[in-house]
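All remarks here apply to the structure that follows.
The values are calculated or read from the model by the stated rules, or taken from the named source; none is laboratory data. All figures in this text were calculated on a predicted structure; none of them were measured in a lab. Neighbour counts run over all protein chains shown; Cβ positions are idealised from the backbone, glycine included.
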Amino acid sequence: MIPLTSLPGGQELPEFLTIGVSVTVPDPHGTAIQDARAGHGDPLARSIPTHVTLLPPTEVPTEALPKIEEHLAAVAAAHRPFRMVLRGGGSFRPVSPVVFVRVEEGERECRLLEADVRSGPLARELAFPYHPHVTVAHGLAEDVLDRAQEQARSFYATFPVPGFSLSRFDVDEVWRPWRSYAFS
């Protein structure tokens, strides 16, 4: 595995990076959710690839990247591919203004993965208990969140999950996949 020592185009890495780890929702499902998110007026729709979070945005020192890569490779090696089913909508309101598509199948695997990812060099506390989901709308007006939740009720997708991705938050405030880790 080639170490993460620079950004595309040969740019130097900053002293600290914001990273995240997630299961990617593949197309056409990922695009459909992203289009719905944009249709609700969510300004983050095109800057965040459609995903199920395993590690929320986390600032790490660049010097920790070799240990993080080793850790994520070990986590991937300890897990097997699984099937994910996304079906229906839900919301974290009133605690958080988020509407999401539910992970109906694959939730257990995501919980196990999340616990393993969020250990070792990536150990950290969470603001909320972990709940695997795919965000459809976030931080919008209540009537828009109501509409988004109603529309999400009919969503259905199924796909294999062969691994997970490490992403970075760039200076242009866009999340970009950086490296993929395949399960054994």
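Assorted remarks:
- Apart from one condition, Phe92 fits all of (1) touching a residue at least 60 places away in the same chain (Cβ under 8 Å); (2) farther than 18 Å from Tyr156 by Cα; the exception is (1).
- Selection count where residues are in contact with a helix residue (DSSP H, G or I) (Cβ under 6 Å, 6 or more places away or on another chain) and within 16 Å of Val95 (Cα to Cα), scope the range 106-131: 1
- Filter pass, Gly120 being out of contact with any Phe, Trp or Tyr (no Cβ under 9 Å at 6 or more places or on another chain) and on the phi > 0 side of the Ramachandran plot: yes
- Neighbours by Cβ (under 9 Å, 6+ apart or cross-chain): first from the range 151-163, under 10 Å from Gly89 (Cα atoms); second assigned to a loop (DSSP other than H, G, I, E, B) and not acidic (Asp, Glu): Gln151/His40
- The residues in the range 142-176 that are exposed (fewer than 14 other Cβ atoms within 10 Å of the Cβ) and either farther than 20 Å from Arg37 by Cα or modelled with pLDDT under 95 (or both) can be counted, and the count is 4.
- The range 123-137, subset surrounded by fewer than 21 Cβ atoms within 10 Å (Cβ to Cβ) and of a type in the set (A, V, I, L, M, F, W, C), residue farthest from Thr62 (Cα to Cα): Phe128
- Taking the criterion of being closer than 15 Å to His133 by Cα and at pLDDT below 95, the residues of the range 35-53 that qualify are Arg37, Ile48, Pro49.
- Residue within the range 108-120 that is hydroxyl-bearing (Ser, Thr, Tyr) and farther than 15 Å from Val52 by Cα present: yes
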